1. For Arg116, state whether it is of a type in the set (D, E, K, R) and farther than 30 Å from Gly197 by Cα.
2. Residues Phe40, Phe79, Phe34: which one is closer than 30 Å to Arg127 by Cβ, at pLDDT 85 or above and surrounded by fewer than 12 Cβ atoms within 10 Å (Cβ to Cβ)?
3. Based on what the data block shows, is Asn62 surrounded by 18 or more Cβ atoms within 10 Å (Cβ to Cβ), out of contact with any Gly (no Cβ under 7 Å at 6 or more places or on another chain) and not β-branched (Val, Ile, Thr)?
4. Tally time: how many residues in segment 177-233 are within 20 Å of Gly31 (Cβ to Cβ) and basic (Lys, Arg)?
5. When only residues in segment 98-107 that are at pLDDT below 85 and of a type outside the set (Gly, Ala, Ser) count, which is nearest to Leu58 (Cα to Cα)?
6. Restricting to segment 198-221, and then to whatever is within 20 Å of Asp63 (Cα to Cα) and of a type in the set (Ser, Thr, Tyr), can you tell me which residue is surrounded by the most Cβ atoms within 10 Å (Cβ to Cβ)?
7. Filter segment 155-195 down to the residues that are among the hydrophobic types (A, V, I, L, M, F, W, C) and buried (at least 16 other Cβ atoms within 10 Å of the Cβ), then identify the one that is nearest to Ala130 (Cα to Cα).
8. Any idea how many residues of segment 145-161 are hydrophobic (A, V, I, L, M, F, W, C) and over 23 Å from Val215 (Cβ atoms)?
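The values are calculated or read from the model by the stated rules, or taken from the named source; none is laboratory data. Quantities reported herein were computed from a predicted structural model and do not represent experimental measurements. Glycine also receives a Cβ, built like all others from the backbone with ideal geometry; neighbour counts cover every protein chain displayed.
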Amino acid sequence: MRKYHLLFLLTMICRCAVAADNSSDKKLFIGVNFAPGVGFRTLHLSDGSGGRAEAYALYQQNDKPIFGYNIGADVTYQFTRTIGLQTGVSYSMKGLLYSAQSMFSSTPTTLSTLYRFHFVDIPVQARFYAGKSKVKFVGGVGPVFDFLFGQQNISEAVENGHTTYHSSHTYLPAPKGPNIFTMSAMASAGIDYRINGLMGIRAEPYFSHGFLPFVSNGIRTYFWNAGVNCAFYFGVK
């Protein structure tokens, strides 16, 4: 009886192996992704900014990048083994930290405000693949459509190492001022590992930078992000 069980098990393993091999020609893939990284902003002083040059100089001196990330799902269609198209939807958090020494305190005091902006992002990327083994080089380039839906401001005053003031405000929907809709350009390049004909994982360093301003009055603000996009995907068709 054990021989029949062993024969049945070997038969099922062979069938699964053949199925995975036959599915290697799948063209439609669905995946989930998580991309940790850093976020910051680029500033441009507009002509006729109305005396904002001093604020611009302070931002340049005291702005600091913060941890940012996005998480979401994507759909990829491969036209050929080397070219594809990817889109999806994700949540992303972008922002910055403004931290400066107070000029009006007799003791060393640091004033800081952490700005976190919450977006729904829709990327559209042309995808490029190179290699014939399970491990391939992969890259992508394309626009990202960013929709702002919330904001959080956390302010603190630290005097001689002790927090003397703390406040946190969350805005849903986002307050007036920032542009609700912006666009970014994103490029990425990394490694794609095909586990079998059905599943794979991907790791891609990426960089994105806004080409529509997030804030456009006086001092134009553009967000940028850099990190590593980690994804798991599987073929569906």
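1. yes
2. Of the residues listed, the single one that is closer than 30 Å to Arg127 by Cβ, at pLDDT 85 or above and surrounded by fewer than 12 Cβ atoms within 10 Å (Cβ to Cβ) is Phe79.
3. no
4. Looking only at that region, the number is 2.
5. Met103
6. Ser208
7. Looking at residues that are among the hydrophobic types (A, V, I, L, M, F, W, C) and buried (at least 16 other Cβ atoms within 10 Å of the Cβ), I get Met186.
8. Of the residues in segment 145-161, 2 are hydrophobic (A, V, I, L, M, F, W, C) and over 23 Å from Val215 (Cβ atoms).
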